Amino acid sequence: MDQQQARQQAARFIDQLRRLEDGDPSAVDALARLFADDARLRNPIADHAGREQIAAFWRTYRASFGTVRSTFSHITADEACAGLFWRSAGTGPHGQPVEYDGVTLLEFDDAGQITRFHGYFDSRQVRLEAPAH
């Protein structure tokens, strides 16, 4: 891969994430297909290996929000990796506002599939529990 191809793969990831966030039920499988069979996905609250576990992660991610939209402020890439700087905002499952910032690093194999996904954000910003009554 070269830098331009890595940017294109990062853009494909963003496109599929947006479909997922918009509620398209087929987006989970499309997103999971961007990952290699033995890929690893990690963030402060999750650690998954393999395409099936990664698909389950994306289903859980979407179900954790009432609404969610990630906006990407900057994308950087070299011949094997991409860095995505983002902000996600929306509502939790009970309608409470949610907003948090982070960075995702994507590592690609020669075929352009994601082999490693590292998400970095402050998990304290993500409060999805039911509001107190």
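What follows draws every value from the coordinates through simple rules; no lab data is involved. Treat the numbers as computed from the prediction; the structure is a model and nothing was measured. Backbone-built Cβ (ideal geometry, glycine too); neighbour counts: all protein chains shown.
For segment 60-78, check the following and say yes or no: at least one residue is touching a strand residue (DSSP E or B) at 6+ places or on another chain (Cβ under 7 Å), hydroxyl-bearing (S, T, Y) and closer than 21 Å to R33 by Cβ. Before you say what the answer is, go through the steps one by one.
Within segment 60-78, the subset touching a strand residue (DSSP E or B) at 6+ places or on another chain (Cβ under 7 Å) is 65-76.
Remaining after also requiring hydroxyl-bearing (S, T, Y): 67, 70-71, 73, 76.
Still in the list and also closer than 21 Å to R33 by Cβ: 70.
Checking segment 60-78: at least one residue is touching a strand residue (DSSP E or B) at 6+ places or on another chain (Cβ under 7 Å), hydroxyl-bearing (S, T, Y) and closer than 21 Å to R33 by Cβ.
Checking the structure you have, find out if any residue of segment 75-83 is free of Cβ contacts under 8 Å to residues at least 60 places away in the same chain and farther than 20 Å from T115 by Cα.
No: segment 75-83 contains no residue that is free of Cβ contacts under 8 Å to residues at least 60 places away in the same chain and farther than 20 Å from T115 by Cα.
How do the strands (runs of 3 or more DSSP E) wholly within segment 42-93 filter down when requiring 3 or more residues that are surrounded by 16 or more Cβ atoms within 10 Å (Cβ to Cβ) and of a type outside the set (D, E, K, R): which remain?
Hits in segment 42-93: 67-77, 81-91.
Which of the residues spanning segment 42-67 are among the β-branched types (V, I, T) and under 12 Å from the mean Cα position of the chain (by Cα)?
Across segment 42-67, the qualifying residues are I54, T60.
Mind checking which residues of segment 98-113 are assigned to a strand (DSSP E or B) and either crowded, with 17+ Cβ neighbours inside 10 Å or in contact (Cβ under 8 Å) with a residue 24 or more places away in the chain (or both)?
Within segment 98-113, V98, E99, Y100, D101, G102, T104, L105, L106, E107, F108 qualify.
Condition test on R116, is it of a type in the set (D, E, K, R) and in contact with a His (Cβ under 9 Å, 6 or more places away or on another chain)?
Working: of a type in the set (D, E, K, R): yes; in contact with a His (Cβ under 9 Å, 6 or more places away or on another chain): no.
Answer is no for this residue.
Output the residues belonging to segment 17-41 that are under 18 Å from E107 (Cβ atoms), in a loop (DSSP other than H, G, I, E, B) and in contact (Cβ under 8 Å) with a residue 24 or more places away in the chain.
Residue satisfying the conditions is L34 alone.
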